[in-house]
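Reading through the structure tokens given below for one structure.
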Amino acid sequence: MSERGTETEALSRGEARLPPGRHGLPRDFVAENQRQRLLNGVVETVAERGYNATTIARITAAAKISRRTFYEHFEGKQDCFLAAYAMIERHVLDEMLAAPGAGEPWPDRVRARLAALLDALSRDAAVSRCFLIEPLAAGGEVAARYREAMGRIAAALRPEPAPTGLDMEIRDQALIGGIATLIVRRLTAAGPARLPELLPDLTELALAPYMTRAEARQQALAAAA
């Protein structure tokens, strides 16, 4: 890709500022650049300071965008963070669902999807923190969006078809509670780079409700290999 093409992609993702003055770029392109910079800014600020200490002034400073422009895109801090959260959620779920394993036995598919989840979260501490830690501190609509996202992750790990006679909602809640707790503890203690080391433990946790302990442990050992 040419240097010009690389620069244009960075601008469209909000990773670079627009040049000052007249630049001849389409209005829609400019608006998308501003919006993406604000999304990057809220993720950066929330990860650094926490959701409750984040202000619109800090978001706009991180994005290098005026307060007036902020309100052209978002109603307030919560609206901006929810948009960023939706972006992160789509990325994480897309990574999980695109993991190799289609047509493979369910335990192999679970292992592949968990590996993809950990890999996606291991690449960026700010993204991981905004996805798993800050929503519960924020409460309200943000926390509700977090619970919905965790439900989608749980659905991606269920047996297909789901066993009859079981309360899947309770099992999903227990599973996601365990997965999120282990990831947050490792993230807090050691940072994102070591998250993939959790794959054996998460594999056993996800499989144990549906097979014998020995079978689940065997699958976990396969994940560690």
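Overview of results
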item	result
Pairwise label distance in nanometres, Ala190 with Glu169, each label 7 Å out on the Cα-Cβ vector	3.6
Nearest-0.05 FRET efficiency for Glu32 and Ala53, computed from C-beta distance (R0 25 Å)	0.35
Gain upon complete extension [Glu197, Arg68; 0.36 nm per residue less C-alpha separation]	42.0 nm
Top positive-direction residue, dipole computed over the range 69-225 with Cβ charges, set Trp106, Leu136, Met211	Met211
Charge tally in the Cβ shell below 15 Å around His73, where Lys, Arg are +1 and Asp, Glu are -1, His73 excluded	+2
Kirkwood Rh in Å, taken over the range 122-225 so that all alpha-carbon pairs contribute	14.8
Mean accessible surface per residue for the chain, computed with a 1.4 Å probe while every protein chain stays in place, in Å²	53
Net charge, Ala193 excluded, C-beta distance under 12 Å - Lys, Arg +1, Asp, Glu -1	0
Helix-only CD estimate at 222 nm, as mean residue ellipticity for the chain, using -39500 (n - 2.57) per DSSP H run (n ≥ 4)	-23000 deg cm²/dmol
Euclidean distance of C-alpha centroids, the range 46-96 and the range 131-157, integer Å	16
Measure of compaction for the chain (Cα Rg per 2.2 N^0.38 Å)	1.16
Rg(Cα) / (2.2 N^0.38 Å) computed for the range 24-68, rounded to two decimals	1.23
Modelled FRET efficiency - R0 25 Å, Ala137 with Ala83, Cβ distances, 0.05 increments	0.85
Sum of side-chain charges, Ala57 neighbourhood, beta-carbon under 11 Å (Lys, Arg +1; Asp, Glu -1)	+3
Ala61-Gln218 pseudo-label distance in nm [points 7 Å out on the Cα-to-Cβ vector]	5.8
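The values are calculated or read from the model by the stated rules, or taken from the named source; none is laboratory data. None of the values given here were measured: they were computed from a predicted structure. All Cβ positions, glycine included, derive from the backbone under ideal geometry; neighbour counts span all protein chains shown. The protein model used for the area step is the full one, side chains on, heavy atoms only, and it has no ligands, DNA or RNA in it. Shrake-Rupley method; radii C 1.70, N 1.55, O 1.52, S 1.80 Å.
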